[in-house]
Amino acid sequence: MRLYDTLSRQDRELKPVDGSSYRFYCCGPTVYGPAHIGNFRTFVLQDVFRRAIETGGMRSFHVRNITDVDDKTIRDSQAAGKPLAEFTAHWRDRFHADCEALNCLSPHVEPGAVDHIPQQVSMIERLVAKGNAYVSDDGSVYFKISSFPEYGKLSHLDTRELSLGKTQEARGNADEYDKDSLADFVLWKARRPEDGENFWPSPWGEGRPGWHLECSAMIEEYLGDEFDMHSGGEDLVFPHHENEIAQSRCACGGNFAAHWFHPTHLLVDGGKMSKSLGNLYTIDDLKEKGFSAMEVRYVLIGAHYRKQLNFTLDSLTAAREALSKLGKASRGLAARAGDGHVLGDAGFGPFQSAWDALNDDLNTPGCLGGIFTGLRDCADLEGEAAAKALAGLNRILRALGLTLPEEAAAADVPEDIKALADERWAARSAKDWAKSDSLRDQLAGLGWVVKDSPEGYELNPN
Ligand code: AMP
Ligand code: ZN
């Protein structure tokens, strides 16, 4: 596979540093609420990446952290009146449930920041000892950017005009700070009253680690000082990943990540997601509107990862149609394959171009297009030839993490009943509850019961 690398700004061939398995790290979720579909664009694309390299025969080792202590988790656990660990465990479990619904593989290791405080303290001690970090009057510790001349290489700071800030101290050392200035960033935050019970001992007094540090410490623990790839959404390039590089290279010495993979942000209705605009969707929000997580996954892989993807509810309806077409085609192939079977590895058959697209900078829309083109060549296949094509189809679908819907049960429903039910579904999707209820009653009067599910409705005779 060739993949664009943010650092060298080139497509590069993937090669495991240790010659055996591809070891990579993804910045994980901050667990203070449900993840939104923007977060899931990044996580789903990382999942497709992993599935693709595994389908190509590489072994993978996937590490993704859980940010379970930072400004936001502390603030919101206190607002909820819950201990931090209980609060974050709830949102971590919800994240896992969403990942499962989206058919994302679990990482091989999923470390949490709170369980790795000693590793973080050790890293800061080394940075202080080497002169890369200094202790401020209040017992906080800062990384000294001027001590690492390579700072800024990943985000190409030399091409941007950034004002040079002093330290974050002046700005209340927030985990996420102003992206328009360079600042010595915080590694250890001295205990403050608003932290409540959330503090740990350290050589510099009680406090807690800064957000950027946790990834560096967990990478050292699980991947060492050199590994194959690091990934996160584009917003993490600067300052988060820049800060990780500075911390890790100075504390551990190695080359850190060999490749950087940054999916572009998801937009909704052409703009940023925000609660106030009512377009910040979670998987549950979309399920409530009648869409399945698999339809969301289809939309999220429908654009190339280096292009912005504009999410709309209409795109989910289109995804439903596409998945249903794929389901039909797959059932047709299975029927025509009969008891024809495939011996050994049949490759991708008619879906070779779909597979090639995936290996060319993870071109997921190209891959989906290739699947539909490949299906056109399958129309006349029978027996073993159909079985081989079906094996190729299943293989490419597994690489994308797509599962297909079962056959709709409502084959014997009269046209006029189906039309009423469709009208009701449209009303329900548009939240026109009155109309949807009255159509349900009308259908009941005609002897049909409607049952709704995330995949759509089901019609059964009364
Ligand atoms: P967070 O939980 O905020 O730490 O973010 C988890 C992941 O989601 C990170 O890799 C972010 O870069 C990514 N992310 C956040 N917002 C978006 C978005 N709108 N589109 C794509 N990825 C995003
Ligand atoms: Zn990180």
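What the table shows:
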item	result
Rg and Dmax [Cα atoms of region 415-461; Å; Rg one decimal, Dmax integer]	9.6, 26
Region 266-400: proportion of alpha-carbon pairs further apart than 27 angstrom, %	30 percent
Among the listed pairs LYS287/LYS388; LYS307/LYS451; LYS153/LYS287; LYS287/LYS328; LYS15/LYS272, those beyond 31 Å (Cα-Cα)	LYS287/LYS388; LYS307/LYS451; LYS153/LYS287; LYS15/LYS272
Within the chain, helix-based [θ] at 222 nm, where runs of 4 or more DSSP H residues each add -39,500 (n - 2.57), nearest 500	-13000 deg cm²/dmol
DSSP bridge pairs, region 2-261: antiparallel proportion in percent, nearest 5	40 percent
Region 247-369 - percent of accessible surface contributed by carbon and sulfur, probe 1.4 Å	50 percent
Angle between the chain longest axis and helix 313-337 axis [Cα atoms, degrees, rounded to 10]	60 degrees
FRET efficiency for HIS265 and GLU458, using Cβ-Cβ distance with R0 set to 35 Å, rounded to 0.05	0.45
Alpha-carbon centroids, region 378-427 and region 303-320: separation in whole Å	20 Å
Contour excess over end-to-end distance, with Cα ends at GLN352 and LYS153 and 0.36 nm allotted per residue	67.9 nm
The chain, relative contact order [Cα under 8 Å, separation at least 6], %	16 percent
Label-point gap, in nm, between SER274 and ASP93 - each point 7 angstrom along Cα→Cβ	3.4 nm
4 °C / 1.567 mPa s Stokes-Einstein diffusion coefficient of region 310-371, Kirkwood radius on C-alpha pairs, µm²/s	95 µm²/s
Qualifying lysines (Cα of each under 25 Å from Cα of LYS189; at least 8 residues distant if same chain)	LYS72, LYS82, LYS130, LYS144, LYS166, LYS179
Å² of accessible area per residue within the chain, as computed with a 1.4 Å probe and no ligands counted	44 Å²
Rg and Dmax [Cα atoms of the chain; Å; Rg one decimal, Dmax integer]	25.3, 80
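The values are calculated or read from the model by the stated rules, or taken from the named source; none is laboratory data. Fair warning: this is a prediction, and the values are worked out from it, not measured in the lab. Don't worry about glycine lacking a Cβ; one is built from the backbone with ideal geometry, like all the others, and counts go over all protein chains shown. Surface accessibility is based on the protein's heavy atoms, side chains included, excluding ligands, DNA and RNA. Shrake-Rupley method; radii C 1.70, N 1.55, O 1.52, S 1.80 Å.
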